[in-house]
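What follows is a single structure, written as structure tokens, with notes after it.
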Amino acid sequence: MKKIIVALAALALALSCTPKMPVIGISCNLGSEGYSRVSSNYFNAVLTAGGVPVAVPLTDNEKVLERILKNVDGLILTGGEDVDPARYGEAPSENLGKVNGRRDTCDFAIAGTALKLKKPILAICRGEQLLNVCLGGSLHQDIPSEIDSELTHRVSTSEKAHKVGIYPDTRFGRVMKIDSLEVNSAHHQCVKCLAPGLKLVAASPDGVVECYENDKSIPSFVLGIQSHPEVFAQKGEEPYLSIFKYFLKACK
Ligand code: MN
């Protein structure tokens with residue numbers, strides 16, 4: 001009996017010393033060929049940061065999503081097509097890109113369920129835009145035709161395209177201890193009106209919203225990033241990897 005108690009105590013100690021590896025759900029895209037697909041950069045960035053990535057299938061079945069999302073510690077909303085402007089009450093501009101109604105339906109259900117379950121969310125590119133709309137914000141449908149800017153935001157994900165300034169009086173600014181960041185940029189839309197509950201964290205020199213976080217009115221962790229830090233984080237490049245470590249810490 002005594003041996004069993006000692007063994008159990010040793011096991012409890014070992015478990016308490018083992019750092020928890022948060023399980024991170026990653027939303028998928030719906031390719032025209034019918035495959036659920038998502039860039040492996042997201043999986044690899046989570047792996048490099050010490051988490052356990054799992055794919056969240058495209059479904060709007062809320063019972064299924066609740067079952068899945070209850071079993072993850074956090075969610076990454078990934079990049080993709082333009083969000084249908086009908087979602088924020090606007091008619092489509094002639095410069096609107098491709099929209100994917102089925103993916104919008106599923107992503108709104110995934111984001112809404114994660115918020116309801118108070119799961120931490122890291123929203124990237126389209127995910128950042130979609131979560132803003134999901135919470136009641138709106139988007140610029142096309143930066144070149146709507147914003148007077150000398151910056152090019154539609155470049156690629158593989159190179160640094162422009163700088164963003166980070167506001168120091170934000171949770172992100174305090175934790176990351178940086179006041180600017182070079183980012184890649186592969187988008188032609190961006191946040192227009194930030195949703196209630198979201199606070200501006202970083203903007204590019206032309207004023208484009210590049211990062212937001214939740215204020216106290218949203219009880220769970222939200223971080224939205226317009227660029228693609230996963231591209232550099234998966235290779236261990238700082239400070240991009242630290243963004244994922246910061247997110248994983250919020251998921252524990
Ligand atoms: Mn940009």
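Results, tabulated for the structure shown:
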| read-out | value |
| --- | --- |
| Subset of the stretch 165-201 (residues that are buried (at least 17 other Cβ atoms within 10 Å of the Cβ) and either of a type in the set (Phe, Trp, Tyr) or near the ligand (Cβ under 10 Å from one of its atoms) (or both)) | 172, 183, 184, 185, 186, 187, 188, 190 |
| First in the stretch 92-111 and without any contact (Cβ under 8 Å) to a residue 24 or more places away in the chain, second anywhere and not in a loop (DSSP other than H, G, I, E, B), Cβ under 7 Å, 6 or more apart | 98/82; 99/82 |
| Residue 217, sole failed condition from (1) within 24 Å of residue 120 (Cα to Cα); (2) within 13 Å of the ligand (Cβ to nearest atom) | (2) |
| Residue check for residue 130: under 18 Å from residue 103 (Cβ atoms), modelled with pLDDT of 95 or more, within 15 Å of the ligand (Cβ to nearest atom) and among the hydrophobic types (A, V, I, L, M, F, W, C) | no |
| Output for the stretch 17-59, where each listed residue is of a type outside the set (Gly, Ala, Ser), crowded, with 16+ Cβ neighbours inside 10 Å and assigned to a helix (DSSP H, G or I) | 41, 42, 43, 44, 46, 47, 48 |
| Matching entry among 66, 90, 146 (being within 16 Å of the ligand (Cβ to nearest atom) and acidic (Asp, Glu)) | 146 |
| Residue list for the stretch 224-252, restricted to those being out of contact with any Phe, Trp or Tyr (no Cβ under 6 Å at 6 or more places or on another chain) and either assigned to a strand (DSSP E or B) or among the small types (Gly, Ala, Ser) (or both) | 225, 227, 236, 242 |
| Condition met for residue 251 (away from the ligand (no atom under 16 Å from the Cβ), within 22 Å of residue 148 (Cα to Cα) and modelled with pLDDT of 95 or more) | no |
| Index of the failed condition, residue 113 passing every other in (1) touching an Asp or Glu at 6+ places or on another chain (Cβ under 8 Å); (2) over 24 Å from residue 246 (Cβ atoms) | (2) |
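The values are calculated or read from the model by the stated rules, or taken from the named source; none is laboratory data. Being a predicted model, the structure only gives us computed values, none of them experimental. All Cβ positions, glycine included, derive from the backbone under ideal geometry; neighbour counts span all protein chains shown.
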